[in-house]
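The values are calculated or read from the model by the stated rules, or taken from the named source; none is laboratory data. Note that this is a predicted model, so its numbers are computed, not measured. Ideal geometry is used to build each Cβ from the backbone, glycine not excepted, and the neighbour counts take in all protein chains shown. Quick note on the areas: whole protein, heavy atoms, side chains included, nothing else; ligands and nucleic acids left out. Shrake-Rupley method; radii C 1.70, N 1.55, O 1.52, S 1.80 Å.
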Amino acid sequence: MATLDDLKSSLAEIKSQLKDKEKERKRYLAIASDIDAVYERLAEDKKIMKGYRDSVKDFSKESYDDFKGNLYKNSYQNSVSDLVENYNEVISNIDANMDALNLEKANYENKASRCYGLIGSFESAVNSLVHRIENWVN
């Protein structure tokens, strides 16, 4: 049978392990927060790029009396179309980076959740599902 000193020692060891797990969890959450800041910045940039692209599209749909002959159709309209495609490519690249950041953020949140044992593993599974859905609708 364990003595009182053995029990106190065991309790102190368990408290130490809990503190270590909590520190580990906080480190993971801090990294996830840093990733989220970058993700949010990219989301803002994506929104701005979509606005620019839409402005160029709207501009190209306007009619301009200053254009004479076929210059607009043969030269200008093609350049505008290329510019819109370039914006689409940039937006697509931003989106791919956002998806990767979102998954990495989920990875660190899941590591933090797993510090809670079995319940944390369940939380981690739900979190992964939520992040994958976010990537699909992003």
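What to note about this one:
- Test: A96 is of a type in the set (G, A, S), modelled with pLDDT of 95 or more and touching a helix residue (DSSP H, G or I) at 6+ places or on another chain (Cβ under 8 Å): no
- Candidate set: region 81-138, residues that are in contact with a Leu (Cβ under 9 Å, 6 or more places away or on another chain) and among the polar types (S, T, N, Q); chosen: the one nearest to R27 (Cα to Cα): S128
- Check on L83, at pLDDT below 90, farther than 24 Å from K21 by Cβ, open to solvent by 70 Å² or more (accessible area, probe 1.4 Å) and not hydroxyl-bearing (S, T, Y): no
- Hey, S121 modelled with pLDDT under 95 and surrounded by fewer than 16 Cβ atoms within 10 Å (Cβ to Cβ) or not: yes
- For E134, the criteria (1) loosely packed, with under 15 Cβ neighbours inside 10 Å; (2) closer than 22 Å to S33 by Cβ; (3) at pLDDT below 90 hold in every case but one, which is (1).
- Beta carbons closer than 6 Å, at least 6 apart along the sequence or on distinct chains, never pair a first residue in region 27-55 that is at positive phi with a second that is loosely packed, with under 15 Cβ neighbours inside 10 Å and not in a helix (DSSP H, G or I).
- Here E13, E22 are screened, and the one residue that is exposed (fewer than 14 other Cβ atoms within 10 Å of the Cβ) and touching a Cys at 6+ places or on another chain (Cβ under 8 Å) is E22.
- Pair list, Cβ < 8 Å and 6+ apart or interchain, from region 1-22 residues that are hydrophobic (A, V, I, L, M, F, W, C) to residues that are open to solvent by less than 100 Å² (accessible area, probe 1.4 Å) and in a helix (DSSP H, G or I): A2/S10
- If only residues of region 88-112 that are acidic (D, E) and within 14 Å of the chain's Cα centre (by Cα) are counted, the one that is most open to solvent (accessible area, probe 1.4 Å) is E104.
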